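Notes follow the structure.
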Amino acid sequence: MNYFPDEVIEHIFDSVVSHHDRNALSLVCKSWYRIERFTRKSVFIGNCYSISPERLIQRFPDLKSLTLKGKPHFADFSLVPHGWGGFLYPWIEALAKSKVGLEELRLKRMVVSDESLELLSRSFRNFKSLVLVSCEGFSTDGLAAVAANCRFLRELDLQENEVEDHKGQWLSCFPESCTSLVSLNFACLKGEINPGALERLVARSPNLKSLRLNRSVPPVTLTKIMMTAPQLVDLGIASFVHDTDLFIFFDMKDTIVKYCKSITSLSGFMEVAPNSLSALYSVCPNLTSLNLSYATGIQGNELIHLIRHCGNLQRLWIMDCIGDIGLGVVGKTCKDLQELRVFPSVAYGNLDAVTEKGLVAISKGCPKLHSLLYFCHQMTNAALITVAKNCPNFIRFRLCILDATKPDPDTLQPLDEGFGAIVQSCRRLRRLSLSGQLTDRVFLYIGMYAEQLEMLSIAFAGESDKGMLYVLNGCKKLRKLEIRDSPFGNAALLMDIGKYETMRSLWMSSCEVTVGACKILAKKMPRLNVEIFNENEQADCNVEDGQRVEKMYLYRTLAGKRKDAPEYVWTL
């Protein structure tokens, strides 16, 4: 296959950034496999138990950037028991021992200890970027170690993590020589920070483009930061003018008008003083991204007034208190909108919030929309058919009806035809989440038309094993399937077990699968880990084969049975 010298092939490989394409290149011939091995700098691992760190290092000795995911996605909905696994330390230990020149680490749903962050900070001399998303197990002591020892740090991004606050002055641990920061996000931290240390850090970081603050940052400090860093493009303000002093308000408003001319992304606003959002109107025309998913203090009318000034938005995360009228304003104002997420403003949703009418209004006004997460109390087939017609470019479509088995309120029919229209019209759809009353027919549609689907989430849906089989047989590119509270059982699980070799994982909880079926699957497919567990009981190897499994997690692995499973996990 080589018609050019290796040096030329290496140069070509360097321009290929897609993980999928790099994987394909390595399969062409032995020569390309070898070249790809030594030129691969970035690796994505969707399941930390799918391969051992030692094998990864052997495969890619020049690794610089690693993305690693731990717990299954349903951990976001508290379905994965505490202590299940996903520990970072063995990975850092192996990478450090092999003297890999790691520079970037991105983690999601991992258990990150202070010891692992300490080892990380001392083992990789040129380490530059740490991104932690939905991680747990660490404290501000670990962050202090990263700040103190990673002298070339460019990015520290903490998103939705559980971080224990030891009242430490971790921001003060950044050395005076640290001038390299480009992105700093500590919005998820609950504890107090040192305002003076933050101001000094920002002042000596001329390349800082993204800064997201937690709610302890006072208005005076925020004003100083905006004056010191006019180059900021992305600003997260957790607490906005929580002091009713009008002088502070007008001072901040003047500062925003004068210094915040580069900002294109705003987020935060967990605490907002009444009528204070008008201070932001001057930056709104430049915004392409607005995240108000935690802004519970902003009422619908205030949101609408703010949105009217944001005509160039491409990405909007917002609470359902905006209402259908507000979403109509979004549709009329934000013609370039590409991503929309609407979150519930209260735990079980607001009955008077958004409905199918708001979604239809969005689809009519935002033809470029390709990514949706929409929490609501009801949906109709007619609305979904209209949305499918107006927005055929969906790549991600996640509809969460809070009454999970509710039918079409107008016709009392299942939502099969509505979701069928989505998968028929949106032929590039890669991720789909279903809700509402659904029969096996919707899975027939998915299997027939969702040719590009990679991830499917199912809850309280279907009638028989046929539904699951339609999906497994039809969706050739399916990588992740997660199912809860659905009537799929042994026949569906065992009918086409070879399919699981092409998938990353299968999650089934509160379904009709039995222990015996899981044993058969594990015996026939030794390269799969089949884990069954009940968090209230220890794993019992003598359980009867006919007993129904509470939770099963199946995933492809090259590492075999994991060694860190808790007592309640039984790996077959």
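With ILE532, ILE520 as the choices, which residue is in contact with a Phe, Trp or Tyr (Cβ under 6 Å, 6 or more places away or on another chain) and among the aliphatic types (A, V, I, L, M)?
ILE532
So which residues in segment 200-218 are surrounded by fewer than 20 Cβ atoms within 10 Å (Cβ to Cβ) and assigned to a helix (DSSP H, G or I), if there are any at all?
ARG200, ALA203 - these are the residues of segment 200-218 that are surrounded by fewer than 20 Cβ atoms within 10 Å (Cβ to Cβ) and assigned to a helix (DSSP H, G or I).
Quickly run through segment 269-285 and pick out the residues that are closer than 23 Å to LEU337 by Cα, out of contact with any Cys (no Cβ under 9 Å at 6 or more places or on another chain) and open to solvent by 20 Å² or more (accessible area, probe 1.4 Å).
Across segment 269-285, the qualifying residues are SER278, TYR281.
Residue-by-condition table, conditions (1) more than 22 Å from TYR294 (Cβ to Cβ); (2) touching a residue at least 60 places away in the same chain (Cβ under 8 Å); (3) touching a helix residue (DSSP H, G or I) at 6+ places or on another chain (Cβ under 7 Å); (4) of a type in the set (Phe, Trp, Tyr):
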| position | (1), (2), (3), (4) |
| --- | --- |
| PRO206 | yes, no, no, no |
| MET227 | yes, no, yes, no |
| GLY236 | no, no, no, no |
| ILE248 | yes, no, yes, no |
| LYS258 | yes, no, no, no |
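Going through segment 393-405 one residue at a time, which ones are in a loop (DSSP other than H, G, I, E, B), modelled with pLDDT of 95 or more and open to solvent by 30 Å² or more (accessible area, probe 1.4 Å)?
Step one: filter segment 393-405 for residues in a loop (DSSP other than H, G, I, E, B), giving 393-395, 402-405.
Applying the additional criterion that residues be modelled with pLDDT of 95 or more yields 393-395.
The one that is in a loop (DSSP other than H, G, I, E, B), modelled with pLDDT of 95 or more and open to solvent by 30 Å² or more (accessible area, probe 1.4 Å): ASN393.
Being β-branched (Val, Ile, Thr) and crowded, with 20+ Cβ neighbours inside 10 Å is the filter here, so list the residues in segment 373-392 that pass it.
THR380, VAL387
Quick check: is even one residue across segment 169-177 of a type in the set (A, V, I, L, M), open to solvent by less than 10 Å² (accessible area, probe 1.4 Å) and over 18 Å from the mean Cα position of the chain (by Cα)?
Our first condition is that a residue be of a type in the set (A, V, I, L, M); within segment 169-177, this holds for 171.
Next, only the ones that are open to solvent by less than 10 Å² (accessible area, probe 1.4 Å) stay: 171.
Retained after the next criterion (residues that are over 18 Å from the mean Cα position of the chain (by Cα)): 171.
Yes.
Of the residues in segment 116-135, how many are open to solvent by 10 Å² or more (accessible area, probe 1.4 Å) and closer than 22 Å to ALA75 by Cβ?
The qualifying residues number 3.
Out of curiosity, is ARG109 among the basic types (Lys, Arg), in contact with a Gly (Cβ under 6 Å, 6 or more places away or on another chain) and closer than 27 Å to CYS48 by Cα?
So ARG109 passes the test.
Which one is modelled with the highest pLDDT, of the residues in segment 511-530 that are open to solvent by 50 Å² or more (accessible area, probe 1.4 Å) and either among the aromatic types (Phe, Trp, Tyr) or under 30 Å from the mean Cα position of the chain (by Cα) (or both)?
Filtering first and then ranking leaves GLU512.
Given the residues ILE304, ILE322, ILE298, which is the only one that is in a loop (DSSP other than H, G, I, E, B) and either β-branched (Val, Ile, Thr) or open to solvent by 60 Å² or more (accessible area, probe 1.4 Å) (or both)?
Numbers: ILE304 fails: in a loop (DSSP other than H, G, I, E, B); ILE322 fails: in a loop (DSSP other than H, G, I, E, B).
So the residue among ILE304, ILE322, ILE298 that is in a loop (DSSP other than H, G, I, E, B) and either β-branched (Val, Ile, Thr) or open to solvent by 60 Å² or more (accessible area, probe 1.4 Å) (or both) is ILE298.
Quick one: is LEU438 modelled with pLDDT of 95 or more and part of a loop (DSSP other than H, G, I, E, B)?
yes
Here are some conditions: (1) assigned to a loop (DSSP other than H, G, I, E, B); (2) buried (at least 18 other Cβ atoms within 10 Å of the Cβ); (3) in contact with a Pro (Cβ under 7 Å, 6 or more places away or on another chain). GLY83 meets all but one. Which one does it not meet?
Every listed condition holds for GLY83 apart from (2).
For segment 432-475, how many residues are among the hydroxyl-bearing types (Ser, Thr, Tyr) and open to solvent by less than 20 Å² (accessible area, probe 1.4 Å)? Reasoning before the result, please.
Restricting attention to segment 432-475, the residues satisfying the condition of being among the hydroxyl-bearing types (Ser, Thr, Tyr) are 433, 435, 439, 445, 449, 457, 464, 470.
When the remaining residues are screened for being open to solvent by less than 20 Å² (accessible area, probe 1.4 Å), the result is 433, 435, 457.
Residues flagged as among the hydroxyl-bearing types (Ser, Thr, Tyr) and open to solvent by less than 20 Å² (accessible area, probe 1.4 Å) within segment 432-475 amount to 3.
Take GLU501 and decide whether it is of a type in the set (D, E, K, R) and more than 30 Å from ASP403 (Cβ to Cβ).
Yes, satisfied.
Which is over 20 Å from LEU213 (Cβ atoms), among the polar types (S, T, N, Q) and open to solvent by less than 60 Å² (accessible area, probe 1.4 Å), of THR355, THR264?
One residue alone meets the criteria, THR355.
Restricting to segment 551-572, name every residue that is assigned to a strand (DSSP E or B) and either open to solvent by less than 30 Å² (accessible area, probe 1.4 Å) or out of contact with any strand residue (DSSP E or B) (no Cβ under 8 Å at 6 or more places or on another chain) (or both).
Passing the criteria: LYS551, MET552, TYR553, LEU554, TYR555, VAL569, THR571.
Taking segment 219-259 as the search range and keeping residues that are modelled with pLDDT of 90 or more, part of a loop (DSSP other than H, G, I, E, B) and open to solvent by less than 10 Å² (accessible area, probe 1.4 Å), which one is farthest from SER205 (Cα to Cα)?
Only one residue fits best here, namely LEU232.
I need the full set of residues from segment 260-288 which are within 22 Å of PRO218 (Cβ to Cβ), outside any strand (DSSP E or B) and in contact with a Ser or Thr (Cβ under 7 Å, 6 or more places away or on another chain), in order please.
ALA273
Given the conditions (1) in contact with a strand residue (DSSP E or B) (Cβ under 9 Å, 6 or more places away or on another chain); (2) closer than 23 Å to GLU451 by Cβ; (3) in a helix (DSSP H, G or I); (4) not aromatic (Phe, Trp, Tyr), and given that LEU469 satisfies all but one, which numbered condition is not satisfied?
(1)
Out of (1) over 30 Å from SER205 (Cα atoms); (2) open to solvent by less than 50 Å² (accessible area, probe 1.4 Å); (3) in a helix (DSSP H, G or I), the odd one out for LEU337 is which?
(3)
Name the residues in segment 148-158 that are in contact with a helix residue (DSSP H, G or I) (Cβ under 6 Å, 6 or more places away or on another chain) and surrounded by fewer than 22 Cβ atoms within 10 Å (Cβ to Cβ), would you?
If the condition is that a residue be in contact with a helix residue (DSSP H, G or I) (Cβ under 6 Å, 6 or more places away or on another chain) and surrounded by fewer than 22 Cβ atoms within 10 Å (Cβ to Cβ), then ALA148, ASN149 are the ones that fit.
Of the conditions (1) buried (at least 22 other Cβ atoms within 10 Å of the Cβ); (2) in a loop (DSSP other than H, G, I, E, B); (3) touching a helix residue (DSSP H, G or I) at 6+ places or on another chain (Cβ under 7 Å), ASP62 satisfies every one except a single condition; which number is it?
Only one criterion is unmet by ASP62, namely (1).
Quick one: how many residues across segment 486-506 are open to solvent by 30 Å² or more (accessible area, probe 1.4 Å), in contact (Cβ under 8 Å) with a residue 40 or more places away in the chain and assigned to a loop (DSSP other than H, G, I, E, B)?
1
The values are calculated or read from the model by the stated rules, or taken from the named source; none is laboratory data. In this text the structure is predicted, and so the values were computed from the model without any measurement. Please note: Cβ atoms are built from the backbone with ideal geometry, for glycine as well, and neighbour counts cover all protein chains shown. We work out accessible area using only protein heavy atoms, side chains counted, and drop any ligands, DNA or RNA first. Shrake-Rupley method; radii C 1.70, N 1.55, O 1.52, S 1.80 Å.
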